[in-house]
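Novice: Can you read through this structure? Questions will come right after.
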Amino acid sequence: MDVTLHLAQDPEADELLGRSPLAALVGMLLDQQVPMEWAFKGPSTIARRMGAEDLDAHDIAAYDPDAFAALLSEKPAVHRYPGSMAGRVQQLCRYLVDTYDGDAEAVWRGVGSGKELLKRLQELPGFGKQKAQIFLALLGKQLGVRPEGWREAAGAYGEADSFRSVADITGPESLTKVRAYKQEAKAAAKAKTSGG
């Protein structure tokens, strides 16, 4: 895995996301209740604070939980909820260590179908169906991981030129389109719940 991603809109952070499967998974995990760029800058910040050039699932899984929470809480915090997200990142890394010997790319390496890949992604701690489908779409659209049926398994996120999620962000222009889509979706959901 060595591509250029533009999810953090920060060259150093994006470079790490493009070469590190674990960084990409951790960024996706952090992508909730904060701006996308903030979430995807998180893996780079964590690596730097750990004195490393990349994230290591074994190191994170074994890290003292209080110390890891403090690491994510340092200003600027890695997430709006750094303590709880530190626990989630460690839980994800422990799962990867136990299930894939710490090799994040093994989650999708050699997988036979989009359906199987979606199942594997949904088994990851912190990855519900929507997050799994978005990450599957990111793998297919930008990282060249395209098992048979990947677009169908990714649902609407797998559609070409859809601009629905981080899977479609390739630069500032597409980021603007994804933001607009998300705002429209949020407004439509709000109108629906208020009976309008």
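Novice: List the residue pairs whose Cβ atoms are under 6 Å apart, where the first residue sits in the stretch 119-140 and is under 14 Å from Tyr100 (Cβ atoms) and at pLDDT 95 or above, the second is among the polar types (S, T, N, Q) and open to solvent by 20 Å² or more (accessible area, probe 1.4 Å), and the two are 6 or more positions apart or on different chains.
Specialist: Pro125/Gln91
Novice: So which of Leu124, Leu92, Leu96, Leu117 ends up being closer than 17 Å to Ile60 by Cβ, over 13 Å from the mean Cα position of the chain (by Cα) and surrounded by 20 or more Cβ atoms within 10 Å (Cβ to Cβ)?
Specialist: Leu96
Novice: Out of the residues in the stretch 1-17 meeting the condition of being touching a residue at least 40 places away in the same chain (Cβ under 8 Å) and over 10 Å from the mean Cα position of the chain (by Cα), tell me which one is farthest from Val166 (Cα to Cα).
Specialist: Met1
Novice: Considering Gly110, Gly158, which residue is open to solvent by less than 40 Å² (accessible area, probe 1.4 Å) and modelled with pLDDT under 95?
Specialist: Gly158
Novice: Can you tell me which residue is surrounded by the most Cβ atoms within 10 Å (Cβ to Cβ) among those in the stretch 37-51 that are under 15 Å from the mean Cα position of the chain (by Cα) and not β-branched (Val, Ile, Thr)?
Specialist: Phe40
Novice: Any chance the stretch 2-10 includes a residue that's farther than 21 Å from Pro125 by Cβ, acidic (Asp, Glu) and touching a Lys or Arg at 6+ places or on another chain (Cβ under 6 Å)?
Specialist: Yes; the residues of the stretch 2-10 include at least one that is farther than 21 Å from Pro125 by Cβ, acidic (Asp, Glu) and touching a Lys or Arg at 6+ places or on another chain (Cβ under 6 Å).
Novice: Output the residues belonging to the stretch 68-85 that are outside any loop (DSSP other than H, G, I, E, B) and out of contact with any Pro (no Cβ under 7 Å at 6 or more places or on another chain).
Specialist: Matches in the stretch 68-85: Phe68, Ala70, Leu71, Pro82, Gly83, Ser84, Met85.
Novice: Here is a follow-up. Going by the structure shown, is Asp54 of a type in the set (D, E, K, R) and either in contact (Cβ under 8 Å) with a residue 60 or more places away in the chain or crowded, with 24+ Cβ neighbours inside 10 Å (or both)?
Specialist: Taking the combined requirement at face value, the residue does not satisfy it.
Novice: Let me ask another. Could you tell me which numbered condition Gly51 fails, if it satisfies all but one of (1) assigned to a helix (DSSP H, G or I); (2) at pLDDT 95 or above?
Specialist: (1)
The rows are residues; the columns are (1) under 17 Å from Glu37 (Cβ atoms); (2) in contact with a strand residue (DSSP E or B) (Cβ under 8 Å, 6 or more places away or on another chain); (3) open to solvent by 50 Å² or more (accessible area, probe 1.4 Å).
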| site | (1), (2), (3) |
| --- | --- |
| Gly128 | no, no, no |
| Ala167 | yes, no, no |
| Gln183 | yes, no, yes |
| Thr193 | no, no, yes |
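Novice: Among the residues of the stretch 57-82 satisfying the criterion of being of a type in the set (Gly, Ala, Ser) and open to solvent by 30 Å² or more (accessible area, probe 1.4 Å), which is farthest from Asp98 (Cα to Cα)?
Specialist: Only one residue fits best here, namely Ser73.
Novice: Right, another one. What residue, among those in the stretch 19-36 that are assigned to a helix (DSSP H, G or I) and without any contact (Cβ under 8 Å) to a residue 60 or more places away in the chain, is most open to solvent (accessible area, probe 1.4 Å)?
Specialist: Arg19
Novice: Among the residues of the stretch 132-147, is any within 19 Å of Glu105 (Cα to Cα), open to solvent by 30 Å² or more (accessible area, probe 1.4 Å) and part of a loop (DSSP other than H, G, I, E, B)?
Specialist: yes
The values are calculated or read from the model by the stated rules, or taken from the named source; none is laboratory data. All figures in this text were calculated on a predicted structure; none of them were measured in a lab. Heads up, the Cβs are rebuilt from the backbone with ideal geometry, glycines too, and the neighbour counts pull from every protein chain shown. When the accessible area is computed, the model is the full protein with side chains, heavy atoms only, and any ligands, DNA or RNA have been set aside. Shrake-Rupley method; radii C 1.70, N 1.55, O 1.52, S 1.80 Å.
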